[in-house]
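Here is the structure we will look at.
Each reported figure results from applying straightforward, stated rules to the coordinates on display, with no laboratory input. None of the values given here were measured: they were computed from a predicted structure. Because the Cβ atoms are built from the backbone with ideal geometry, glycine has one as well, and the counts that use them run over all protein chains shown.
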Amino acid sequence: MDTARARGISLFGAGAELVTVEARFVPMEKHRLEIVLSGLPDPVIRESRGRLLCALLEAGLHLGSGKLYLNLSPAGVKKSGEGLDLPLMLAAVAAGGHLEPAALDGSLFLGEVGIDGQLHAVPGGLAAAQVARDAGLARIVAPPRTAREAAYVPGTAAIAANHVREVLRYLCGATPWPEPLQPPPDDPPAEGADELDRIRGQELGKRALAVAAAGGHALLFSGPPGTGKSMLARALADLLPPPSLAERIEMTRVASAAGLWPGGLVRHRPVRAPHHTVSYAGLVGGGNPPVAGEITLAHRGVLFLDELPEFRREALEALRQPLETGTVLISRAGHSLRAPARFLLVAAMNPCPCGYLGHPRRPCRCAPGVIARYRQRLSGPLIDRIDLVIDLPAPELERMDAKGKPPPPELCGAFVKERVRAAREYATARQGPRPNSELDADELDRYAPLGRAEADLVERAMQRLALSARAIQSLRRVSRTLADLEGKDRPDTAHLAQALAMRAPNA
């Protein structure tokens, strides 16, 4: 009654954790076959017992009378997903004496098993391959679609199989292991349409989008209803440079682990726009076992929060850590998860509950106390972490008319994209692939030094506007981006003044 062990994974948040399936078969005369499953399986795993028995019969295997004990280790962590079907079945086969338990060593198995023995693709191929590599396992065996995804991770051989019988023939030596799958050639994403050209007017908003895209700066639009805040925010993703291969692998791992099957590598940066009624767990992540929230699903992409003050206060406050660190720590009873959350935040809000405060033609009907309570829904520490705060004016008819004055050439979509691309390349040559929004104090001293005139301007801004140290660093980062857009070696007082105007519109 030796114990057989097969390794699989369970998806957690934006990644996966290694699960060892322990199996032992105890024969008993005059006793029907009974499967005892332990280790905190979810309902999907518990229901796999019927599929497992049918697949065993389809493969021509019979365990006989007795009890089959299956345990998922570590036992104290909840397991989820149909991806554990294959390691459950292989551990049972080895425990029943049809396969040497040692044949399962060195491999990770992933896949859903049908009642006919066919293997069906499951999410989490990239996450599984990274787990297998970190655990020192030589190969990952999965259905073809899942295995092709796993092949993008170097260091572990990805083996594709369509049926349980194929896997058993490989393990018992009847058929030699096939050649590992190779990652297909990279297919870079195609350029999308120029979303910026569909927006008429709002030149200030378009300039702010270029700065946000070039430096990775968080952006907040404020203005009356109908000014184009949402259209501008949705155009931001179109201005960002195409993701690199490393970024595409990161985004695919997040999407696949979350059950959003990408069908290969993700081609475009994600754009997530949750409604303001989203829960804390839906925005930040949570649950037991923990699942990824919107900020993780927006990793390396854009998170658009429309009607920002209408979101739950505790959910918005939870954005403060990921805006600075690019990760979110989710702690639950018995489990802690650190998920990636390097997103570009773009938000929109009205200046007051009715939306018409400061409108040149429609009067605001909100009482001062109502306006104060509305704005207090956004805390100072959260606003302090937003680099660009832009007040959009009410639209003008001549700007909205297609036959009216055309926008300046420097605000056309193709031109803005080229400026953003050139600014990103200029910054990458200087500091590596990190955007300006991630520069720390020492790097700012190196790449955006303050001369006497610049230091005097910063000191006056601190005194008059009571800016925090974080706000001053933010000003310097934005000024560095403005200089990059102009191809200049260092920012000057004009760049700092423009950065100040984009952060404190009333300054």
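Near His335, no amide H atom lies under 5 Å from its own; only residues 5 or more places off or on other chains count, and H is placed 1.01 Å from N.
On the beta carbon distance between Cys172 and Ser331, with R0 = 41 Å, the FRET formula returns roughly 0.40.
Temperature 25 °C, viscosity 0.890 mPa s: under these conditions the Stokes-Einstein estimate for the stretch 37-82, based on its Kirkwood radius over C-alpha pairs, is 209 µm² per second. Between the stretch 29-105 and the stretch 231-273, the alpha-carbon centres lie 37 Å apart. Over all Cα atoms in the chain, the spread is summed up by Rg and Dmax: 27.8, 93 Å. Among the lysines of the chain, pairs that are 8 or more positions apart or on different chains and have alpha carbons within less than 19 Å of each other number 5. Considering all C-alpha pairs of the stretch 321-475, those separated by over 18 Å amount to 77%.
For the stretch 373-390, backbone phi angles converted through the Karplus equation (6.51, -1.76, 1.60; θ = phi - 60°) give residue-by-residue couplings of 5, 4, 6, 6, 5, 9, 6, x, x, 6, 4, 4, 8, 9, 6, 10, 10, 10 Hz, Gly and Pro being listed as x.
Relative to the Cα centre, the charge distribution of the chain, modelled as +1 at Lys and Arg Cβ and -1 at Asp and Glu Cβ, gives a dipole magnitude of about 1120 debye.
Note on Gln431 and Glu203: with the Förster distance fixed at 25 Å, the Cβ-Cβ geometry gives a FRET efficiency of about 0.25.
Highest average first, the peptides 200-207, 145-152 ordered by how many other beta carbon atoms sit within 10 Å of their residues are 145-152, 200-207.
Considering only alpha-carbon pairs that sit under 8 angstrom and 6 or more positions apart, the relative contact order computed for the stretch 439-507 is 35 percent.
A simple rule links phi to the HN-Hα coupling: the Karplus curve 6.51 cos²θ - 1.76 cosθ + 1.60 with θ = phi - 60°, which for the stretch 305-321 gives 10, 7, 6, 3, x, 7, 6, 4, 4, 5, 5, 5, 5, 5, 6, 4, 5 Hz, with x for Gly and Pro. Pick out, in residue order, every one of the trypsin sites (Lys or Arg not before Pro) in the stretch 27-88 that is DSSP loop and has at most 11 other C-beta atoms within 10 Å; say none if there are none. The qualifying sites are Lys30, Arg32.
The value for the stretch 14-144 of Rg(Cα) / (2.2 N^0.38 Å) is 1.02. Karplus-based coupling profile of the stretch 462-479, in residue order and whole Hz: 5, 6, 7, 10, 6, 6, 7, 4, 5, 5, 5, 4, 4, 4, 5, 5, 5, 5, with θ = phi - 60° in 6.51 cos²θ - 1.76 cosθ + 1.60 and x standing for Gly or Pro. With K and R counted +1 and D and E -1, the other residues having a Cβ less than 10 Å from that of Arg377 yield a net charge of +3. In a fully extended conformation the segment linking Val36 and Asn288 would gain 88.4 nm over its present Cα-Cα distance, using 0.36 nm per residue.
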